[in-house]
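Some notes on the structure that comes next.
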Amino acid sequence: MQNNLYRAKSIKQATAKVKDSLGPDAMIISTKKLSQGAGHNLFEITAVPGGSDISSNISDPFTEVNDQLMNIKDLIFLLNRPDSSIEHLMNNSIALSLYAKLIREGIDEPLARNILQETGTLKNTFHTNPSNVKQNLIKKLMQIIDVKDPFETKDNSRIIAAFIGTTGVGKTTTIAKLAAQLMLKDGKRVGLISIDTYRIGAIEQLKTYANILGVPCFHAFKRKDLLFAFRKLEASDVILIDTAGRSQYDNSRIEELKTMLAGDLAISSHLLLSVGTIQSEIIKTAISFSPLNFQTYIFTKIDEAERFGSVINQITKLKLPISYITTGQNVPEDIERANKKHIINLLLKNKHRNSKSFKVLEN
């Protein structure tokens, strides 16, 4: 099949020619910026119709061509971004494709450019092996992502963990999932405490989970109640504390929670964030709950989110490790200990957030 060449005075005009000629599913093989002297440039795009058998028409250096191709929709998407400048990427189809992928996943544009810059992708030309570029991106993401198991201890000391976040983020079900996994997989003795004094339904829900699991569960309306519960749970290896959902704008109640958990109780806090929440609210939530000195992130409701870039944005803005991700409502199945490779798979694959379907990297 013949490759189709399109030239115009601007990248938008060249892109429009491709779309008009080959349709919205066209695949871009290469992009170039051609200097015509005296400050005049031409933009050149080589493309083929969508669904073409491209590999048989392109010889080296276009090895692993499917990793390098860019859909015309991605280029149009970038061009329509108000703060996107992609002219400097016109000689680098690989960088254009990866840039579009990162932006589509919700990664902030300055961060996406910085990631590609630090991997050396922006310095390369279209002759670069796409597989090497992809591996460099994966290595960079592996450096950015930090994970931690909050229940790992060297001296078998008791672990007390409080789960904090806004209303509806999934704290109670997350605690139930963790309790079940810690008991069934790790053989831990688990106790539950609810200090959610605002929602009777949340207390009853935690009680129901505790009855099913056969673990003790206490309510604590005041600090003295919390201390009493700790004494009753002295035999537990792990104590999980459910807290009331606080609005990220309700600083007084966040301070109230801080007072409840303060002191020499050795309580670690873990902030739950819903991946589907808009980026500005995720950032505001993390800032508002920062007085509680949370130690890890737990990202929830991955199955309900179209994009995963907010995770990368957040862990670069406030550098803390990820401890768990949750992938649905089923207890105890839909929770996983954070794994760098799996998180990268979630970011780079265009598939529904089913944790069993990602194969960019093998675990």
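The values are calculated or read from the model by the stated rules, or taken from the named source; none is laboratory data. Computed from a prediction, not measured in an experiment: that's the story for all the values here. No Cβ is skipped: glycine too gets one built from the backbone with ideal geometry, and neighbour counts run over all protein chains shown.
For the stretch 207-263, a residue qualifies if it is touching a Pro at 6+ places or on another chain (Cβ under 8 Å) and assigned to a loop (DSSP other than H, G, I, E, B), and the qualifying residues are 233, 236. If you go through the stretch 291-313 and keep only what is in a helix (DSSP H, G or I) and either closer than 26 Å to residue 266 by Cβ or over 10 Å from the mean Cα position of the chain (by Cα) (or both), you end up with 291, 292, 303, 304. Residues that are within 25 Å of residue 34 (Cβ to Cβ), surrounded by 17 or more Cβ atoms within 10 Å (Cβ to Cβ) and either in the same structural domain as residue 314 (by TED's automatic domain parsing) or modelled with pLDDT of 80 or more (or both) within the stretch 85-138 comprise 98, 99, 100, 113, 116, listed in sequence order. Taking every residue in the stretch 151-168 that is more than 22 Å from residue 227 (Cβ to Cβ) and at pLDDT below 90 and pairing it with any residue that is of a type in the set (S, T, N, Q) and in a loop (DSSP other than H, G, I, E, B), at least 6 positions away or on another chain, the pairs with Cβ-Cβ distances below 8 Å are 167/247.
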